[in-house]
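First up is the structure itself, then whatever we jot down about it.
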Amino acid sequence: MNYNFNEIEAKWQRYWAENETFKAEDHSAKPKYYVLDMFPYPSGAGLHVGHPLGYIASDIYARFKRHQGYNVLHPMGYDSFGLPAEQYAIQTGQHPAKTTEVNTARYREQLDRIGFSFDWSRQFKTSEPSYYKHTQMIFIHLFNSWYDKDADKARSITDLVACFEKEGNGSVNAHSDEDTPIFTSEEWKEMSTEAQEDLLQKYRLTYLADIEVNWCPELGTVLANDEIINGVSERGGHPVVRKKMKQWSMRITAYADRLLEGLSTIDWPQPLKDSQTNWIGRSEGAEVSFQVEGHQELIKVFTTRPDTLFGVSFMTLAPEHDLVTKITTDAQRAEVEAYIEETAKRSELDRMSDVKRITGAFTGAYVLHPFSGDRIPVWIGDYVLASYGTGAVMAVPCGDQRDYDFAKHFNLSIPNVFEGVSIEDEAFTDKGTTIIANSDFLNGLDYATAKRTMIDRLEAEGKGTGKVNYRLRDAVFSRQRYWGEPFPVYYVNGRPQMLPESVLPLELPEVTQYLPTEKGDPPLGNAKIWAWDAVNQKVVDVDLIDHQTIFPLELNTMPGWAGSSQYFNRFMDPHNETQLVDKEKVAYWKGVDLYIGGSEHAVTHLLYARFWQHFMHDLGLVSQPEFAKKLINQGMITGLSAIVYRKSKTNTYYSHGLIDFKDSSAENYIDHFEKLRVDVGLINSSDELDIEGLKNWQPQYADASFVLEKDRYIVGREVEKMSKRWYNVVNPDQICEEYGADALRLYEMFLGPLEQSKPWNTAGITGVSGFLKKLWKLYDSVNDENPSAESFKVLHKTIKKVQDDLESFSFNTSVSSFMICVNTLTSEKCFSRQILEPLAILVSPYAPHIAEELWVKLGNSPSIAHQPFPVFDASYLVESEKEYPVSFNGKMRFKITLSADASKDEIEKAVMAHEKTAEQLKGAAPKKVIVVPGKIVNIVV
RNA sequence: GCUCGAGUGGUGGAAUUGGUAGACACGUUGGACUUAAAAUCCAAUGACCAUUGCGGUCGUGCGGGUUCAAGUCCCGCCUCGAGUACCA
């Protein structure tokens with residue numbers, strides 16, 4: 001019987017669906033295991049062969065865990081809110097929900113074809129009201145919480161209000177805005193509700209704030225930093241300006257330390273942890289106050305090098321710093337104002353491409369050194385960022401390269417506070433070997449001691465404090481878009497109010513158009529029915545807004561990461577209407593055991609999701625502070641483009657081998673050709689071009705002529721991102737059609753290590769395809785004979801290898817060992833049930849369809865999916881004889897054959913007795929014979 | 001610039017973590033079976049030298065080092081990839 005993969009695969013996919021083979025139990029005596037993929041955004045283009053790589057890996061692992069007797073949760077859903085569907089809506093008027101519907105259906109079809117063991121009963125989309133209801137609820141929880149630094153967790157805002165009423169905010173150790181004033185309980189009670197709310201906003205974990213944002217007038221929206229490339233929008237390339245706007249913000253900074261500490265408790269790739277650590281950017285140092293000469297004001301600076309405080313020779317403020325106008329002298333005013341104006345005009349583009357340009361202006365003001373009392377000139381310069389630290393730096397040119405460059409450029413003094421170090425050419429930034437000099441009470445101290453001494457002294461004299469600073473900022477949470485979660489918020493007197501939880505979800509309204517309104521309001525400004533009737537508790541027509549009982553609703557929507565910051569919990573209990581996830585269910589499933597996805601989410605999704613999880617854990621909604629124990633970043637599968645070479649100004653194409661890539665004087669030097677990409681579908685396994693196919697592919701090739709080598713046209717190959725415009729996209733459906741889903745799965749794994757990026761080349765799939773055919777053949781004549789020792793050996797070698805590979809996620813080499821196994825069994829003519837039964841289970845995670853079919857062929861009843869994994873028995877691998885390679889001084893080699901369990905002495909004896917040894921040693925006694933049992937014998941002469 | 005990661009045949013990649021480098025696969029060459037092609041099967045395949053023999057030399061980006069033994073460890077370079085962008 002032939003191996004008809006199309007028939008077999010369809011049959012088993014149907015069987016799995018009908019029998020719910022992969023449905024996870026919410027309560028089970030079995031140990032649980034949760035395998036999760038980063039769920040996809042269903043784009044209109046569908047899947048190419050690069051997309052399922054991670055899904056295949058996680059599926060293999062999920063299936064392996066089922067064989068090991070685990071109750072496996074392996075769900076899939078869609079992250080369906082997002083910009084492309086909205087852009088499509090703007091262009092075509094097609095409702096994004098409709099587009100999403102079509103795209104998810106197409107994704108589902110493609111995913112099903114590959115034979116994943118997802119529990120589809122748990123599927124959801126982030127754009128479904130029944131799901132985003134819970135996103136809205138978490139938002140409300142955040143609004144109603146503050147961060148208590150003493151308890152080191154989030155607490156209810158009612159606790160805070162109670163405290164304010166009792167004793168004001170003087171004793172509260174909270175993570176709040178820097179400018180929060182101190183007040184007493186009496187002062188609090190006398191405040192208006194509005195004033196109270198304004199104060200509470202400084203504590204809430206999500207709050208409204210005037211934030212300087214990247215506003216793109218053309219797109220009518222705020223853009224995140226990563227949506228701006230070279231100062232223009234990533235989409236469309238429109239100009240972007242900085243503008244202050246009222247935006248929802250997430251107080252993620254409250255969790256900075258916990259997010260940092262949590263990293264040590266999870267098994268995530270080090271580079272990913274590094275980039276999160278980097279992003280959080282914790283730095284320890286001191287805040288130092290400098291008195292402005294002739295003013296009341298103090299200027300505070302943050303520094304990580306308080307040990308170099310005596311090296312300060314000037315101070316630099318960000319041009320936007322609050323005190324700049326106040327302290328600037330009349331003589332300098334014109335220059336300073338001109339400079340400020342100039343920097344404000346400089347776009348992001350200029351600032352980025354011009355990093356090396358040194359600019360600044362002297363304010364005319366001086367501050368006094370806190371210890372020496374020296375007069376220190378105050379400058380402004382755009383290398384100082386308003387948003388980091390205090391927006392001011394104490395410049396120590398001898399110890400910081402930027403300060404050094406600034407000092408050189410403006411001819412400022414560069415005092416040296418390091419012993420025996422030259423600062424002739426550049427600043428000295430090495431902390432390890434520093435000994436401080438010319439620094440009063442710090443002289444002779446090393447870096448660490450000097451730093452501590454200085455901080456102690458600053459604190460004792462009230463001139464500063466030790467301080468920890470973070471690069472991490474609170475996360476802007478508002479987007480001026482339509483296709484996202486609506487905020488459960490309405491406004492009374494301009495102050496935000498949360499909708500009652502009982503009315504959630506607040507569903508996205510219909511709009512007439514998906515663009516911002518003329519007034520610049522977000523698209524929800526176009527909605528007709530979008531006001532809140534607080535009396536009747538329902539959404540009503542905007543025309544009815546009277547600000548008495550009927551109020552405006554929030555017009556912004558939530559950003560893309562809102563929906564993906566908790567979906568992993570939702571899969572544990574996807575149909576729960578009242579809460580995100582049932583307490584008992586989350587207590588059973590706990591968290592994700594294995595999470596697989598791309599590294600592009602290192603500091604967005606993966607950081608925000610950790611933040612929400614920590615918060616939800618504080619509230620007792622989930623059982624673990626970290627949502628994913630182990631994470632693997634799968635590499636990208638790149639495309640292998642096919643290139644034809646057209647001689648310039650002709651329609652003649654030369655085969656790749658005829659082109660000279662080196663000699664620029666050669667007639668066929670590459671520069672005399674144009675490189676054109678052609679569809680990779682026209683290339684066979686030996687890089688040969690189907691010329692007739694090409695002529696029919698595009699009209700420009702119809703009457704082309706070809707210069708061949710060995711009667712063939714060979715194309716050039718280049719590794720590039722898989723993309724339609726390079727004609728190198730390979731569709732998984734087509735591969736499944738031609739070679740089968742099992743071949744696709746095996747080949748994707750076989751291509752190389754999971755984490756690495758590697759090019760797809762369809763030609764190579766014949767290898768795994770051949771393997772499947774051979775495997776199939778083995779089961780044609782199953783018998784009950786006793787297998788040979790060799791057959792047992794290869795089986796158990798394979799069990800060991802495959803199990804080790806699965807546990808270490810090196811799936812690529814498993815495929816190799818399957819091939820070796822099948823080749824050996826074929827040449828041994830081994831068709832024994834004793835071998836073939838465990839082999840089918842071994843193969844089953846990788847190639848599940850054929851495994852199921854083979855299992856039935858052996859006379860078993862379905863399904864193989866929950867059969868116990870074969871047990872490895874080392875005794876089958878014991879050899880009776882073994883070859884021992886022998887080397888002299890690590891060079892000359894020969895082999896001796898001995899019994900496999902030969903002792904060290906026996907090996908040594910045999911080596912010395914060997915005729916070659918005697919000859920090569922020429923009578924000289926060896927100094928040492930080193931025997932590494934089972935490996936190698938080494939003779940030192 | 002800084003922080004990670006990687007350099008192994010014509011190609012994708014193995015190498016039990018210091019122990020016979022190149023497993024497995026693609027491609028290539030030769031052969032078998034076919035009227036022929038496809039499919040399948042067999043053999044060879046790192047380079048160079050020797051080939052009527054079993055052999056020899058060189059080989060894991062480059063230069064040093066440690067070791068009986070280095071793709072693997074240490075020092076210094078080069079190249080490529082990813083992330084980040086003046087973070088005081």
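The values are calculated or read from the model by the stated rules, or taken from the named source; none is laboratory data. Just so you know, these numbers come straight off a predicted model, no measurement behind them. Note that each Cβ is placed from the backbone with ideal geometry, even for glycine, and that neighbours are counted across all protein chains shown. Side chains included, ligands, DNA and RNA excluded: accessible areas come from the protein's heavy atoms. Shrake-Rupley method; radii C 1.70, N 1.55, O 1.52, S 1.80 Å.
With respect to residue A:641, is the statement that it is of a type in the set (Ser, Thr, Tyr) and open to solvent by less than 40 Å² (accessible area, probe 1.4 Å) true? Full working, then the answer.
Numbers: of a type in the set (Ser, Thr, Tyr): yes; open to solvent by less than 40 Å² (accessible area, probe 1.4 Å): yes.
For residue A:641, the condition - of a type in the set (Ser, Thr, Tyr) and open to solvent by less than 40 Å² (accessible area, probe 1.4 Å) - is met.
Do we find that residue A:742 is open to solvent by 10 Å² or more (accessible area, probe 1.4 Å) and either over 22 Å from residue A:676 (Cβ atoms) or part of a loop (DSSP other than H, G, I, E, B) (or both) in this structure? I'd like the intermediate steps shown before the answer.
Working: open to solvent by 10 Å² or more (accessible area, probe 1.4 Å): no; either over 22 Å from residue A:676 (Cβ atoms) or part of a loop (DSSP other than H, G, I, E, B) (or both): yes.
It is false that residue A:742 is open to solvent by 10 Å² or more (accessible area, probe 1.4 Å) and either over 22 Å from residue A:676 (Cβ atoms) or part of a loop (DSSP other than H, G, I, E, B) (or both).
So is residue A:854 out of contact with any helix residue (DSSP H, G or I) (no Cβ under 6 Å at 6 or more places or on another chain) and either near RNA strand B (Cβ under 10 Å from one of its atoms) or of a type in the set (A, V, I, L, M) (or both) or not? Steps first, please.
Values: out of contact with any helix residue (DSSP H, G or I) (no Cβ under 6 Å at 6 or more places or on another chain): no; either near RNA strand B (Cβ under 10 Å from one of its atoms) or of a type in the set (A, V, I, L, M) (or both): yes.
The answer is no for residue A:854.
Within the stretch A:133-147, which residues are touching a strand residue (DSSP E or B) at 6+ places or on another chain (Cβ under 6 Å) and part of a helix (DSSP H, G or I)?
A:140, A:142, A:143
Residues are listed down the side, and each one gets a yes or a no for (1) farther than 25 Å from residue A:311 by Cα; (2) of a type in the set (Phe, Trp, Tyr); (3) surrounded by fewer than 19 Cβ atoms within 10 Å (Cβ to Cβ):
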site: A:437; (1), (2), (3): no, no, yes
site: A:445; (1), (2), (3): no, no, no
site: A:468; (1), (2), (3): no, no, yes
site: A:490; (1), (2), (3): yes, yes, no
site: A:502; (1), (2), (3): yes, no, yes
site: A:512; (1), (2), (3): yes, no, yes
site: A:518; (1), (2), (3): yes, no, yes
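State which residue pairs qualify: first residue closer than 12 Å to residue A:826 by Cα and inside the stretch A:762-788, second residue among the acidic types (Asp, Glu) and at pLDDT 95 or above in any location, beta carbons under 9 Å apart, and separation of 6 or more residues or different chains.
A:776/A:853; A:779/A:853
Based on what the data block shows, is residue A:383 over 23 Å from residue A:424 (Cα atoms) and either near RNA strand B (Cβ under 7 Å from one of its atoms) or touching a helix residue (DSSP H, G or I) at 6+ places or on another chain (Cβ under 6 Å) (or both)?
Working: over 23 Å from residue A:424 (Cα atoms): no; either near RNA strand B (Cβ under 7 Å from one of its atoms) or touching a helix residue (DSSP H, G or I) at 6+ places or on another chain (Cβ under 6 Å) (or both): yes.
For residue A:383, the condition - over 23 Å from residue A:424 (Cα atoms) and either near RNA strand B (Cβ under 7 Å from one of its atoms) or touching a helix residue (DSSP H, G or I) at 6+ places or on another chain (Cβ under 6 Å) (or both) - is not met.
Working only within the stretch A:316-340, note down all residues that are open to solvent by 80 Å² or more (accessible area, probe 1.4 Å) and within 16 Å of RNA strand B (Cβ to nearest atom).
The initial filter retains those residues of the stretch A:316-340 that are open to solvent by 80 Å² or more (accessible area, probe 1.4 Å), namely A:320, A:322, A:325-326, A:330-331, A:335, A:337.
Passing the criteria: A:320, A:322.
Considering only residues that are within 6 Å of RNA strand B (Cβ to nearest atom) and open to solvent by less than 50 Å² (accessible area, probe 1.4 Å), which ones fall in the stretch A:814-829?
Those that are within 6 Å of RNA strand B (Cβ to nearest atom) and open to solvent by less than 50 Å² (accessible area, probe 1.4 Å): A:816, A:819.
Please tell me if residue A:578 is open to solvent by 10 Å² or more (accessible area, probe 1.4 Å) and polar (S, T, N, Q). Step through it out loud before you land on a result.
Details: open to solvent by 10 Å² or more (accessible area, probe 1.4 Å): yes; polar (S, T, N, Q): yes.
So residue A:578 fits the description; yes.
Rundown of residues vs (1) crowded, with 22+ Cβ neighbours inside 10 Å; (2) more than 23 Å from residue A:810 (Cβ to Cβ); (3) within 11 Å of RNA strand B (Cβ to nearest atom), yes/no style:
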position	(1), (2), (3)
A:756	no, no, yes
A:768	yes, no, yes
A:776	no, yes, no
A:780	no, yes, no
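Filter the stretch A:677-717 down to residues that are outside any helix (DSSP H, G or I) and not basic (Lys, Arg), then give me how many there are. Reasoning before the result, please.
The first filter runs over the stretch A:677-717 and keeps only residues outside any helix (DSSP H, G or I), leaving A:677-679, A:683-690, A:698, A:702-717.
Then drop every residue that is not not basic (Lys, Arg), which leaves A:678-679, A:683-690, A:698, A:702-709, A:711, A:713-716.
Number satisfying all stated conditions: 24.
Quick one: count up the residues across the stretch A:645-665 that are assigned to a loop (DSSP other than H, G, I, E, B) and at pLDDT 80 or above. Show your work before the answer.
Keep residues of the stretch A:645-665 that are assigned to a loop (DSSP other than H, G, I, E, B), which gives A:648-651, A:655, A:659, A:661-665.
When the remaining residues are screened for being at pLDDT 80 or above, the result is A:648-651, A:655, A:659.
Counting residues in the stretch A:645-665 that are assigned to a loop (DSSP other than H, G, I, E, B) and at pLDDT 80 or above gives 6.
Among (1) among the charged types (D, E, K, R); (2) free of Cβ contacts under 8 Å to residues at least 40 places away in the same chain; (3) away from RNA strand B (no atom under 11 Å from the Cβ); (4) crowded, with 17+ Cβ neighbours inside 10 Å, where does residue A:807 come up short?
Just one mismatch for residue A:807, condition (4).
Which one of these does residue A:623 not meet: (1) over 25 Å from residue A:59 (Cβ atoms); (2) away from RNA strand B (no atom under 16 Å from the Cβ); (3) assigned to a helix (DSSP H, G or I)?
Result: residue A:623 passes all but (3).
Residue check: is residue A:845 in a loop (DSSP other than H, G, I, E, B), exposed (fewer than 15 other Cβ atoms within 10 Å of the Cβ) and at pLDDT 95 or above?
no
Specify the residue that is farthest from RNA strand B (Cβ to nearest atom); the eligible residues are those in the stretch A:393-428 that are buried (at least 23 other Cβ atoms within 10 Å of the Cβ) and within 21 Å of residue A:291 (Cα to Cα).
Taking the candidates together, the pick is A:397.
Between residues in the stretch A:86-103 that are crowded, with 16+ Cβ neighbours inside 10 Å and residues that are of a type in the set (Lys, Arg) and in a helix (DSSP H, G or I), which pairs lie under 9 Å by C-beta distance while being six or more apart or on different chains?
If the second residue must be of a type in the set (Lys, Arg) and in a helix (DSSP H, G or I), the pairs left are A:89/A:98.
Identify, from the list A:666, A:702, the residue that is over 23 Å from residue A:729 (Cβ atoms) and exposed (fewer than 12 other Cβ atoms within 10 Å of the Cβ).
Details: A:666 fails: exposed (fewer than 12 other Cβ atoms within 10 Å of the Cβ).
After ruling out the rest, the residue left standing is A:702.
Note down all Cβ pairs under 6 Å where the first residue falls in the stretch A:468-483 and is without any contact (Cβ under 8 Å) to a residue 12 or more places away in the chain, the second is surrounded by 24 or more Cβ atoms within 10 Å (Cβ to Cβ) and of a type in the set (Lys, Arg), and they're at least six residues apart or on different chains.
Cβ pairs passing all conditions: none.
Do we have residue A:545 as touching an Asp or Glu at 6+ places or on another chain (Cβ under 7 Å), closer than 27 Å to residue A:195 by Cα and open to solvent by 10 Å² or more (accessible area, probe 1.4 Å) here? I'd like the intermediate steps shown before the answer.
Numbers: touching an Asp or Glu at 6+ places or on another chain (Cβ under 7 Å): no; closer than 27 Å to residue A:195 by Cα: yes; open to solvent by 10 Å² or more (accessible area, probe 1.4 Å): yes.
So residue A:545 fails the test.
Given the criterion open to solvent by 50 Å² or more (accessible area, probe 1.4 Å) and closer than 26 Å to residue A:82 by Cβ, identify the matching residue among A:457, A:473, A:481. Spell out the reasoning first.
Details: A:457 fails: closer than 26 Å to residue A:82 by Cβ; A:481 fails: open to solvent by 50 Å² or more (accessible area, probe 1.4 Å).
Among A:457, A:473, A:481, only A:473 is open to solvent by 50 Å² or more (accessible area, probe 1.4 Å) and closer than 26 Å to residue A:82 by Cβ.
Does the stretch A:871-886 include one or more residues that are of a type in the set (Lys, Arg), more than 16 Å from RNA strand B (Cβ to nearest atom) and either farther than 27 Å from residue A:754 by Cβ or in contact (Cβ under 8 Å) with a residue 40 or more places away in the chain (or both)?
Taking the stretch A:871-886 first, the residues of a type in the set (Lys, Arg) are A:882.
Those still in the list that are more than 16 Å from RNA strand B (Cβ to nearest atom) too: none.
Among the residues of the stretch A:871-886, not one is of a type in the set (Lys, Arg), more than 16 Å from RNA strand B (Cβ to nearest atom) and either farther than 27 Å from residue A:754 by Cβ or in contact (Cβ under 8 Å) with a residue 40 or more places away in the chain (or both), which makes the answer no.
If you take the residues of the stretch A:16-42 that are in a helix (DSSP H, G or I) and open to solvent by 60 Å² or more (accessible area, probe 1.4 Å), which of them is nearest to residue A:124 (Cα to Cα)?
Start the filter on the stretch A:16-42 by keeping residues that are in a helix (DSSP H, G or I), which leaves A:16-19.
In the following step, the residues that additionally are open to solvent by 60 Å² or more (accessible area, probe 1.4 Å) were identified as A:17-19.
Details: A:17: 17, A:18: 20, A:19: 21 Å.
My answer is A:17.
Report every pair of residues separated by at least 6 positions or lying on different chains whose Cβ atoms are under 8 Å apart, first residue within the stretch A:484-503 and assigned to a helix (DSSP H, G or I), second surrounded by 13 or more Cβ atoms within 10 Å (Cβ to Cβ).
Sorted first by the residue in the stretch A:484-503, then by its partner, the pairs are A:501/A:137; A:501/A:140.
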